[in-house]
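The values are calculated or read from the model by the stated rules, or taken from the named source; none is laboratory data. Remember, predicted model here, so these are calculated numbers, not experimental data. Note that we place each Cβ from the backbone using ideal geometry, even for glycine, and neighbour counts take in every protein chain shown. These accessible areas exclude ligands, DNA and RNA; they are computed on the full protein's heavy atoms, side chains included. Shrake-Rupley method; radii C 1.70, N 1.55, O 1.52, S 1.80 Å.
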Amino acid sequence: MPHIAQPAITVGIIANPASGRDIRRLTAKASVFPTAEKANMVQRVLGPLGRLGVDRVLMMPDKTGIAAGVIRALRTHHATHLPPWPQVDFLDMPITETQEDTVVAARMLVEAGAQLVVVLGGDGTHRLVAAAAPELPMATLSSGTNNVFPDLREATVTGLAAAMYLTGRVSREKALKPNKRLVVRYGEREEIALVDLCVTRHQHIGARAVWEADTITELFVTFAEADAIGLSAIAAAVATVPREGDQGLRVVCGPTGQPVLAPIAPGVLAELGVTRAEALVPGTEYRIEPLMGSVALDGEREIELDGRTPAFVRIDTRGPLTLDVPATLAAAREASMPSSIFQVAASPDSRRLASGRSDQ
């Protein structure tokens, strides 16, 4: 029988040069996420991908030094006797040094047949990728300021889980998990948010980030975790909303409301009043009353409100699929580790480990 060539396994990498370097470095005590570390994170992803048989990586280029650091590392790595990395190519695209680079790169990865994209950035970067390539699964790595949606995890571990999924060692059903999203409709325009949608009295987009709590009029979230940093921490001060399920939360703010304290940015504790909260349910559009202001999506102002046109918000479960790193690695272990390995152990501790029991 003739040999049938298998299609190449291709993974994309988008590392946002601007993430971790926004205005909150001036208004708060957020740390700077250096370019060299982002380049190092990419290299730590490449190791497991190459070791487990991923063929090709397509990466977004940049002018800040991430791509240059990876290119230098590739030359050095080729001269060693270490396990090979995948072939790394850079997308042939113009570099504008704006968020449009992320959008263009995500669309090009879809056209190139990438099966997964590893994203290094904050909530805003992941939102852009999800909006531009909604069907492309993401492996998330936090390298921004307010990081609620992406995982704060060692890049090597994420690369290992990605390789397990891409090479078929773990099924799609076990490796990928769905996410919720918010959709805002303003006139003919529609935009999405993955974590929070904030309505503010700021009349211009300006520096984009929201850090003045007294300008916030209402907040919509897909999930709210008690230990979150960012605007969703305001909702978390009212109620915990799990990532799973299909509901979210709407919080209306005002000076006469119940005071809450929330860490809306690194080093910034904001106190504001909450006058009302209600569950967001799929299938319902929630109207934002017209006002002169702006709408922030995942912490960054994107839409200017004219004071006349109403906006509508809805929640659904059509957000991006993301790599569930712990579940993927657990499934890979279960598939490769024979159950008999624990049966030869004789000590009480080993028997408890095999049975799943504890001392309690």
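Ligands, DNA and RNA are left out, and with a 1.4 angstrom probe the accessible area of the chain is 48 Å² per residue.
Counting only protein chain heavy atoms and rolling a 1.4 Å probe, the accessible areas of Ser339, Ser294 rank, largest first, as Ser339, Ser294.
Kyte-Doolittle cut-off -0.5, length cut-off 15 Å along the helix's own axis using Cα: show which whole DSSP H helices in the chain pass. The answer, listed by residue number, is 35-52, 66-78, 100-111, 155-166, 325-336. Radius of gyration over Kirkwood radius for the chain, both on Cα atoms: the Rg/Rh ratio is 1.02. For the chain, the share of accessible area belonging to carbon and sulfur comes to 53 percent (1.4 Å probe, ligands and nucleic acids excluded).
Between the listed residues Gly257, Leu280, Ala296, the Cα displaced farthest toward the positive end of the dipole of the stretch 201-305, a dipole computed from Cβ unit charges relative to the Cα centre, is found at Gly257.
Sort 116-122, 173-179, 218-224, 322-328 by packing, meaning the average of other beta carbons within 10 Å per residue, with the highest value first.
116-122, 218-224, 322-328, 173-179
Taking only the alpha carbons of the stretch 188-273, we obtain Rg and Dmax values of 12.6, 38 Å in that order. The largest accessible area among His126, His202 belongs to the first residue in His202, His126, and the rest follow in falling order (1.4 Å probe, all chains).
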